[in-house]
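Remarks on the structure that follows.
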Amino acid sequence: MIVTAAANPTLQKMLRSLDSRVRRARFIANLSERRWAEAVAEHREILEALAARNAADLRECLRRHLANKFRALRRRLTEIA
C-alpha cells in the first residue's frame, strides 16, 4: 500500500525481492492471534505517522514494529526448534 502510493518502481522491485526472501519468517512470526493484532495496530500507527508527515514518529513506529517482529520470530523459532 505505502510502496504503491510512492509510485516508485525501484522501491517496488526492491520490496518484491525482499518479500520473497522473508515471507516465511513473516508468517511464522504472526502465527499467534495476539501478535497478529499487535502487528495490525503497529501498521495503523505507521499509517497515522505517515499521514501526519511526522518523520520522528514514523521512525519510532517502524523501529518498534521491526523490533517486535524480530522478537516474535525468535520466540516462535525457539518454540518449534
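Values in this text are rule-based calculations from the coordinates and carry no lab data. Quick caveat: nothing in here was measured; it's all calculated off a predicted structure. Cβ atoms come from the backbone with ideal geometry, glycine included; neighbour counts cover every protein chain shown.
Work out how much length L11 to V40 would gain on full extension: take 0.36 nm times their residue separation and subtract the Cα-Cα distance, in nm to one decimal.
8.2 nm
P(r) of the range 29-70 in 10 Å steps, Cα pairs, percent per bin?
Reading the bins upward from 0: 32, 49, 17, 1.
Once Rh is set to the Kirkwood radius over Cα pairs, what Stokes-Einstein translational diffusion coefficient, in µm²/s, holds for the chain at a temperature of 4 °C and a viscosity of 1.567 mPa s?
93
Given charges of +1 on the Cβ of Lys and Arg and -1 on the Cβ of Asp and Glu, with all other atoms neutral, how large is the dipole of the chain about its Cα centre, in debye to the nearest 20?
Here the chain has a charge dipole of around 420 debye.
Identify which of L47, L31, L11 has the largest mean-square fluctuation in a Gaussian network model of the chain, with springs joining Cα atoms closer than 10 Å.
Greatest mean-square fluctuation among the candidates belongs to L11.
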